[in-house]
Amino acid sequence: ILSAQCTDVRVNQVTKTLYKKLRTAKDFAQISVSDLEEIIRPTGFFRNKAKNIKACCRALVEKHDGNVPDDMEALLRLPGVGRKTANVILGSAFGIPGIVVDTHVKRLSQRIGLTKESDPVKIELDLMAMIPKKDWIDFSHQMIWHGRRLCTARKPKCPACPLRELCDHGRQSA
C-alpha cells in the first residue's frame, strides 16, 4: 500500500520508523489516522494510504485473526489491496506464483513486445499465458530489477541492455 506512486528508497526510509513503532496488524489498526499520516507523509498520497492501511489492518484483525491471508480473493477484499500488492504478498510471503505488474513490468513488457495491452490485469494475463507458472515469481523480480536498472522510463540504458534486439526502443538507439 505504501509503495503506490513512491520509490522503494522512500518506502524503505519510512518503514524503518514505522516498524519500530508498529509491529502487528493490531498496532496499525489502533494507531490514529493522523499519527499514521505523519509517519508515512514522505511516501506521498499519505492521507489515502493511511486510511487504507488502517482499514486493511482492522480487517486483518477482525476477519483473519491478525494474519495475512494466503489467497488472492481474500487479499483483494482488503482495503487498499489490488492485484499487484496481492501478487507481491502471495509470492514473497507464501511462495505462491503470481506475476506482479508494476510500472516497470508494464513498460518493459510493452517495449519488448510481450503485450500490446495497457491495462495491468490484461498484461498480467498475457504474461501468465507465455511464462511457465513455476517461473512467475522470479520473472516478476527480474523484470522489476531490469526496469529499475536498465529499462528506465526516461533515458533507458539501451546499449547495456541484453534485450535491446527484442526492443523497438533498443534497436532505434543502437
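Each reported figure results from applying straightforward, stated rules to the coordinates on display, with no laboratory input. This is a predicted model, so every value here is computed, not measured. When we count neighbours, we look across all protein chains shown, and the Cβ atoms used for this are built from the backbone with ideal geometry, even at glycine.
Condition first: assigned to a loop (DSSP other than H, G, I, E, B) and more than 24 Å from GLY66 (Cβ to Cβ). Now tell me which residues in the range 1-22 satisfy that. Listed by number, the residues that qualify are GLN5, CYS6, THR7.
Are there any pairs, at least 6 apart or on different chains, whose C-beta atoms fall under 8 Å, with the first in the range 155-174 and of a type in the set (Gly, Ala, Ser) and the second assigned to a loop (DSSP other than H, G, I, E, B), and if so, which? Qualifying pairs under 8 Å: ALA160/LEU150; GLY170/PRO156; GLY170/CYS161; GLY170/LEU163; SER173/PRO156. The residue pairs whose first member lies in the range 112-124 and is assigned to a helix (DSSP H, G or I), whose second member is among the aliphatic types (A, V, I, L, M), and whose beta carbons are closer than 7 Å, counting only pairs six or more residues apart or on different chains, are PRO120/VAL101; ILE123/VAL101; GLU124/ILE99; GLU124/VAL101.
Restricted to the range 23-58, and to residues that are of a type in the set (Ser, Thr, Tyr) and in a helix (DSSP H, G or I), which residue is nearest to GLN5 (Cα to Cα)?
Ranking the qualifying residues of the range 23-58, first place goes to THR43.
Would you call LYS155 surrounded by fewer than 20 Cβ atoms within 10 Å (Cβ to Cβ) and over 23 Å from THR7 (Cβ atoms)?
No.
Just one of GLY91, GLY66 is assigned to a loop (DSSP other than H, G, I, E, B) and either more than 15 Å from the chain's Cα centre (by Cα) or touching a residue at least 12 places away in the same chain (Cβ under 8 Å) (or both); which is it?
GLY66
When VAL105, VAL61 are checked against the criterion of being among the β-branched types (Val, Ile, Thr), assigned to a helix (DSSP H, G or I) and over 15 Å from MET143 (Cα atoms), a single residue qualifies: VAL61.
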